[in-house]
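Quick note: the coordinates plus some simple rules give every number you see, no bench work behind them. Remember, it's a predicted structure, so these values are computed and weren't measured experimentally. All Cβ positions, glycine included, derive from the backbone under ideal geometry; neighbour counts span all protein chains shown.
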Amino acid sequence: MKTDTKEFFGLSYDRIFKAAILNKEKDYRYLNELVSDILEEEVHITKAEAYEVKVSSTMERVKILDILATTQKGKLVNIELNKAFGKSIKERNIFYYNSLITREYKHKKEYEDIKKIFQINLNFNKIGKAPKEEIKLYNLTLNEIYYDDYEIIDVNVLNYKKTWYDRNIKGEEEHIYLTALEANEEELKKLGEVNEIVKEVGMKVFELNEDEKIIDQMERERDAEIVYHNGLKYAKEDGYNDGYDNGVKVGFDNGVKTGYDNGVETMVKNLLNTKKVPIEIIAQVANLTVEEIEKIQESSSQK
């Protein structure tokens, strides 16, 4: 078992979540219960996998959805884990969701309806206004739902965890699967004493925390995130899409980037100097391509 000197990576980390939930035995009991709780209907998942969204140009990075699940009734459920949840993350999630709709539309037969697709965003950033928020396409003029099969559900996991412990629930299982997502090591053990499915998933999480290769990768990703946020501390929260307050400019020549704003370039250089963060991860947190990162690296070495 892990010692107190080591950081514990729980189910709120996407790599741990996927490894614990998408097991080789295809035992989707935890996922069934989690999605059933969120959708408030009984769900039986027949297939679940990490899903790759095809890029539309060579300038884009590969986009990976956290989980895409198919239910026994043919519904699709896209699950996203969000450590942060600003405007840029919402835009990214909507892009993923619309990509799934486009995929289904291309593969459907003329007489068929598109499968019902849910996107569930599990958010771990802060306590939200409500535990769960449902988003649909709405016609403001007619005051009615515009397209009923379009549904995004934002789940504020910390709300459920706070409710669980504020009520001091003992022996009850209401929302236990949501609560376990944000549980630390000791909390996950205690929740496992209440529920056998949580106990089995928790044991897998504990095993993963003893895997040196996985923990090394987790620590690299965490370090990248820390440097990322430090590098953007002078930017607006969603500055990458809206522009920076400092008026820093990114140059474009015929639609191709020719420069970088100072905040992002500084962040990239800091990440490169750590010597232990892979370029692919740097590209991910900086929202740049690997080629653009390599150009910054080359320009730095020439100075």
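What to note about this one:
- Gyration tensor (alpha-carbon) shape descriptor, segment 14-210, a/c threshold 1.5: prolate
- FRET efficiency, Thr102 to Asn23 (Cβ-Cβ, R0 35 Å, nearest 0.05): 0.70
- In plain terms, the chain from Tyr165 to Gln297 could stretch by 42.7 nm, reckoned as 0.36 nm per residue minus the Cα-Cα distance.
- Rounded to the nearest 20, the Cβ-based charge dipole of segment 14-210 about its Cα centre (Lys and Arg +1, Asp and Glu -1) stands at 700 debye.
- With a Förster radius of 35 Å applied to the beta-carbon distance between Gln217 and Thr141, the computed FRET efficiency rounds to 0.10.
- With each label modelled as a point 7 angstrom along the Cα→C-beta vector, the Lys90-Lys204 pair spans 3.2 nm.
- Within the shell of other residues whose beta carbon sits under 10 angstrom from the beta carbon of Thr70, the net charge comes to +3, with Lys and Arg scored +1 and Asp and Glu -1.
- Over segment 14-210, relative contact order from alpha-carbon pairs under 8 Å, at least 6 apart, %: 16 percent
- For Ala50 and Ile127, the difference between the fully extended length at 0.36 nm per residue and the C-alpha to C-alpha distance is 25.0 nm.
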